[in-house]
Amino acid sequence: MAQLSTSRFTAWIATVAGVLLLSGCMSGSAMSPTGTPTTAAPSPTAVDPTPTESEDPLASVTALVARADRLELRDLTGSVVATIDYMSAPGAVAVLTNVFGEPPVDEEYLGGNHFPDGVIHRWGGAALQERFYDEEQRVNADLNNLVWPRFAVIFEAPESLGITLTTDTGITVGVTHAAISAELDPALWSCMGPAVDVIEIERESGPVKIGVALSELVIDESGAYTGEKVAGVTKIVAPEPVAYGCA
């Protein structure tokens, strides 16, 4: 019996030792894994921000330039951003409202010898004069051209609401004739004064010259010409016929 107990005890010791040995292997395996390394989580993909709407090109306009056949809207580099044809419909009012950032002050007026009834849309020293010529007469009298524009541009100051008002060569209201004498041709004259940037347009009745008028006539508080002349530019008007009905 004692010998048998010893054998069982020995077997039990062996079993326990095996269990402990197996436990040690499992423990070592857990501490020193030999499996496939864990892959790091991928970085999130960069997403481009939602593109904003293109900036309105009219926001870059810094100058209005009166030309004989059109009004040019230019940026700080002198590049033309947009043009407005004087024979076009008065959508120009909406365009300039965008440029100046505010609506114009509108004033209706009665016509006279030179102009029909109309409306002046004014932004400080800049204005569009919308002219209501008789459309039937326009066609029948060969006046469906710049002699009878649907609107004209008027500058009464060097700038308005931060926008420069000028001609193609940089003439502004207030300059003296002496300062721009090299640009003035005595043969090119309008009813208001010297004319610059002159072009010639074809008509059925013959060609006629159109330019940008540099008014030398003084205007009173009511807006009427006094007949007095000065040796400088009091107003810039385009388009204006050259030597058309005026001496």
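Quick look at the numbers
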{"quantity": "Looking only at region 120-132, and only at residues there that are in a loop (DSSP other than H, G, I, E, B) and among the small types (Gly, Ala, Ser), the one that is most open to solvent (accessible area, probe 1.4 Å)", "calculated": "Gly124"}
{"quantity": "Failed item in (1) crowded, with 18+ Cβ neighbours inside 10 Å; (2) in contact with a Ser or Thr (Cβ under 9 Å, 6 or more places away or on another chain), with Lys209 passing the rest", "calculated": "(2)"}
{"quantity": "Candidates Ser215, Ser181, filtered to the one that is without any contact (Cβ under 8 Å) to a residue 24 or more places away in the chain and surrounded by 10 or more Cβ atoms within 10 Å (Cβ to Cβ)", "calculated": "Ser215"}
{"quantity": "Odd one out for Leu161, checked against (1) open to solvent by less than 50 Å² (accessible area, probe 1.4 Å); (2) in contact with a strand residue (DSSP E or B) (Cβ under 8 Å, 6 or more places away or on another chain)", "calculated": "(1)"}
{"quantity": "Residues located in region 163-178, provided they are in a loop (DSSP other than H, G, I, E, B), touching a residue at least 40 places away in the same chain (Cβ under 8 Å) and of a type in the set (Gly, Ala, Ser)", "calculated": "Gly174"}
{"quantity": "Candidates Glu200, Glu228, filtered to the one that is outside any loop (DSSP other than H, G, I, E, B) and over 25 Å from Leu73 (Cα atoms)", "calculated": "Glu228"}
{"quantity": "Selection count where residues are more than 31 Å from the chain's Cα centre (by Cα) and at pLDDT 90 or above, scope region 205-220", "calculated": "3"}
{"quantity": "Where Val153 falls short, out of the listed (1) open to solvent by 10 Å² or more (accessible area, probe 1.4 Å); (2) in a strand (DSSP E or B)", "calculated": "(1)"}
{"quantity": "Residue, farthest from the chain's Cα centre (by Cα), within region 62-119, restricted to residues that are over 17 Å from Ala152 (Cβ atoms), not in a strand (DSSP E or B) and not hydrophobic (A, V, I, L, M, F, W, C)", "calculated": "Pro103"}
{"quantity": "Candidates Arg131, Arg138, Arg150, Arg122, filtered to the one that is closer than 20 Å to Val173 by Cα and either among the basic types (Lys, Arg) or free of Cβ contacts under 8 Å to residues at least 12 places away in the same chain (or both)", "calculated": "Arg122"}
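Conditions (1) open to solvent by 40 Å² or more (accessible area, probe 1.4 Å); (2) at pLDDT 95 or above; (3) within 27 Å of Val218 (Cβ to Cβ); (4) of a type in the set (Ser, Thr, Tyr), marked per residue:
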{"site": "Glu53", "(1), (2), (3), (4)": "yes, no, no, no"}
{"site": "Asp56", "(1), (2), (3), (4)": "yes, no, no, no"}
{"site": "Val65", "(1), (2), (3), (4)": "no, yes, yes, no"}
{"site": "Glu72", "(1), (2), (3), (4)": "no, yes, no, no"}
{"site": "Ser79", "(1), (2), (3), (4)": "yes, yes, no, yes"}
{"site": "Thr83", "(1), (2), (3), (4)": "yes, yes, no, yes"}
{"site": "Pro103", "(1), (2), (3), (4)": "yes, yes, no, no"}
{"site": "Tyr109", "(1), (2), (3), (4)": "yes, no, yes, yes"}
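The values are calculated or read from the model by the stated rules, or taken from the named source; none is laboratory data. In this text, all values refer to a predicted model and were calculated from it rather than measured experimentally. No Cβ is skipped: glycine too gets one built from the backbone with ideal geometry, and neighbour counts run over all protein chains shown. Each accessible area value is taken on the protein alone, full model and side chains, heavy atoms only, with ligands, DNA and RNA left out. Shrake-Rupley method; radii C 1.70, N 1.55, O 1.52, S 1.80 Å.
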